[in-house]
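The structure appears below as C-alpha cells.
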Amino acid sequence: MDLLKIVIFLAAFLLLILLGRLLSAHAESQPPMGPGPLQPESALGPTPMPPKTDKQPAITGAEFGFPISIPPVKLDALGKYNRPYFLNYHFGKTDLKAGPPDPTRFCDDFYLQAQDPESEYTWSYKYLVATPSGLQQVMNAEAYASLYFDTPVVVVSRWDLPVILSTVVEEIIKSYGKTEDEEGAEDGPAE
C-alpha cells in the first residue's frame with residue numbers, strides 16, 4: 001500500500017513539473033505589452049506578436065513595412081539616444097492591409113513595439129486609435145454617458161496608417177529618454 005502511494009505521488013509530482021515547464025515556455029513566447037514601437041532595423045529581428053483570431057492571421061508591421069520616414073537612432077553628447085528602435089506594430093482587431101470596414105468609423109487598440117538601443121530591453125506602447133464617429137459608436141453600443149481612457153488616445157478623421165504611425169512615433173520621440181522632472185519642466189512651472 002505504501003509503495004502505491006509513493007508511485008502516485010511521484011507521478012503527480014512529475015506531471016506538475018511537466019505542466020509548469022509547458023506553461024513557462026508559453027509565457028516566455030508572449031511579447032511584453034506595455035509602453036513600445038517597430039522598425040526592421042533591429043539585428044535581432046521582429047518579436048512575434050500575439051496571434052489574431054481570424055482564420056487567416058493578420059499581418060503585422062514587420063511584414064507590412066514602416067510607411068513613414070523616421071530619423072536615425074543617434075547618441076547625443078549626454079550619452080542619451082534620441083529614440084528607440086521600432087520593431088513591430090499591429091492593431092488589436094483591425095488588419096493593417098485591409099483597414100477597418102468603414103474608414104471613418106473605427107476604434108481599436110494599437111500596439112507599437114520598441115527596443116532600447118543600449119540595453120536591448122523590448123517593450124510595447126499601447127494607444128487607443130479612433131475616429132470621432134468610432135468613439136460615438138462605442139458609446140452608443142455600450143450605452144456609455146462618458147468615456148475615460150487609461151491609455152493615450154489618438155483621434156483621426158479617418159483611417160490613414162501613415163498619419164497614425166507619424167502621430168504615435170512623433171510623441172514617442174518627443175518624450176523618449178526624458179525623466180518626469182524633464183517632462184514637467186517643459187510644461188511650465190507647477191502652480
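The values are calculated or read from the model by the stated rules, or taken from the named source; none is laboratory data. These numbers come from a predicted model, not from an experiment. Cβ placement follows ideal geometry from the backbone for every residue including glycine, while neighbour counts extend to all protein chains displayed.
Among the residues that make up segment 60-72, is at least one of them among the aromatic types (F, W, Y), under 25 Å from V156 (Cβ atoms) and modelled with pLDDT under 90?
Taking segment 60-72 as the starting set, the residues that turn out to be among the aromatic types (F, W, Y) are 64, 66.
From the residues that got through so far, the ones that are under 25 Å from V156 (Cβ atoms) too are 64, 66.
Now restrict to residues that are modelled with pLDDT under 90: 64, 66.
Yes, segment 60-72 has at least one match.
Checked against (1) touching an Asp or Glu at 6+ places or on another chain (Cβ under 9 Å); (2) outside any strand (DSSP E or B); (3) under 24 Å from I59 (Cβ atoms), K126 passes all but condition (2). For segment 83-104, filtering for residues that are within 18 Å of E63 (Cα to Cα), among the basic types (K, R) and modelled with pLDDT of 90 or more leaves 1.
Against the definition (modelled with pLDDT under 50, under 16 Å from W123 (Cα atoms), surrounded by fewer than 18 Cβ atoms within 10 Å (Cβ to Cβ) and not hydrophobic (A, V, I, L, M, F, W, C)), how does P37 come out, yes or no? So P37 fails the test.
Only one entry in A141, A185 is modelled with pLDDT under 90, aliphatic (A, V, I, L, M) and either outside any strand (DSSP E or B) or surrounded by 15 or more Cβ atoms within 10 Å (Cβ to Cβ) (or both), namely A185.
Filtered by the rule that a residue be small (G, A, S) and touching a residue at least 60 places away in the same chain (Cβ under 8 Å), segment 163-177 gives S166, G177. Could you tell me whether Y111 is under 30 Å from V73 (Cβ atoms) and in contact with a Ser or Thr (Cβ under 7 Å, 6 or more places away or on another chain)? Yes, satisfied.
Note on segment 74-122: residues that are assigned to a strand (DSSP E or B), crowded, with 18+ Cβ neighbours inside 10 Å and in contact (Cβ under 8 Å) with a residue 60 or more places away in the chain amount to 8.
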